[in-house]
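I have placed the structure first, in the form of structure tokens, so that the comments after it can refer back to it.
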Amino acid sequence: MVKIALQIKATLENIDELKTSGVDFRWYLKFSCNNCGEVSEKWNYASLDESTPAQRGNGVNHFVSKCKLCSRENSMTIIEDSLKSYSSDDQGKFKTIVCLDCRGIEPCDFSAREGWIAKACDNGNVFADIDLAEGEWVEYCDKINSSVGIYEIESRFERIK
């Protein structure tokens, strides 16, 4: 059981807060098998509202897969109370936005995609269902009469204790 933190870094233009849309948010990830090193070719997603009971104990898994190379069954659980938003104060720094409890696999790539919520600065508009698949997002906020945007999104994974 390895705990992995997904961290993001982004440039925010007139945005106070960037966060996921809730339990139905889909985390798109690629994984590597800890047993044989095989990396998934396709994007896989995990979400808090989709789970299967764990084989042992009372827990749940949000993602279960069988390695194509070694046939080992691996699983991952999203730690619900670890979800954090990315704010304008975090700009330019990596910040943990979710922690994953991994068994037999480790995430090696993250794709932001759709389902983000951004809150404009100075009590501006709240923008829902933002798609970050292109790596950036730009809009106009009529409450603050200015453009808003999210740019230069980067991600990394850190092992945590």
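Key figures
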quantity: Over region 120-161, volume per residue of the alpha carbon convex hull, in Å³; calculated: 116 Å³
quantity: Carbon + sulfur, % of accessible area of the chain - ligands and nucleic acids excluded, 1.4 Å; calculated: 42 percent
quantity: Amide H within-cut-off set for VAL60, under 5 Å, with H built and near neighbours excluded; calculated: ALA54
quantity: Kirkwood hydrodynamic radius of region 1-71, Cα pairs, Å; calculated: 14.9 Å
quantity: Total charge dipole magnitude, region 59-110, about the Cα centre, Cβ charges on Lys, Arg, Asp, Glu only, Debye to nearest 20; calculated: 240 debye
quantity: Debye, to nearest 20: dipole size of the chain, +1 on Lys, Arg Cβ, -1 on Asp, Glu Cβ; calculated: 960 debye
quantity: Selection of trypsin sites (Lys or Arg not before Pro), region 1-76, meeting DSSP coil and at most 14 other Cβ within 10 Å; calculated: LYS42, ARG56, LYS68
quantity: Taking the chain and dividing mean pair separation by its residue count, relative contact order in percent (alpha carbons under 8 Å, at least six apart); calculated: 36 percent
quantity: Normalised convex hull volume, region 15-141, alpha-carbon set, Å³ per residue; calculated: 115 Å³
quantity: Counted charge near GLY124, where neighbours are those whose Cβ lies closer than 12 Å (Asp, Glu -1; Lys, Arg +1); calculated: -4
quantity: C-alpha center-to-center spacing [region 84-147, region 1-39] in angstrom; calculated: 11 Å
quantity: Those GluC sites (Glu not before Pro) in region 68-131 that DSSP places in a loop and that have at most 15 other beta carbons within 10 Å; calculated: none
quantity: Net charge, GLU50 excluded, C-beta distance under 14 Å - Lys, Arg +1, Asp, Glu -1; calculated: -2
quantity: Total lysine pairs under 17 Å (Cα atoms) in the chain, excluding pairs fewer than 8 apart on one chain; calculated: 23
quantity: Region 27-40 - phi-based ³J(HN,Hα) in whole Hz, Karplus 6.51/-1.76/1.60, Gly and Pro as x; calculated: 8, 8, 9, 10, 10, 10, 6, 6, 7, 10, x, 4, 9, 5
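The values are calculated or read from the model by the stated rules, or taken from the named source; none is laboratory data. Note that this is a predicted model, so its numbers are computed, not measured. FYI the Cβ positions are ideal-geometry reconstructions off the backbone, even for glycines, and counts take in every protein chain you see. For the accessible areas, the whole protein counts, side chains as well, though only heavy atoms, and no ligand, DNA or RNA atoms are used. Shrake-Rupley method; radii C 1.70, N 1.55, O 1.52, S 1.80 Å.
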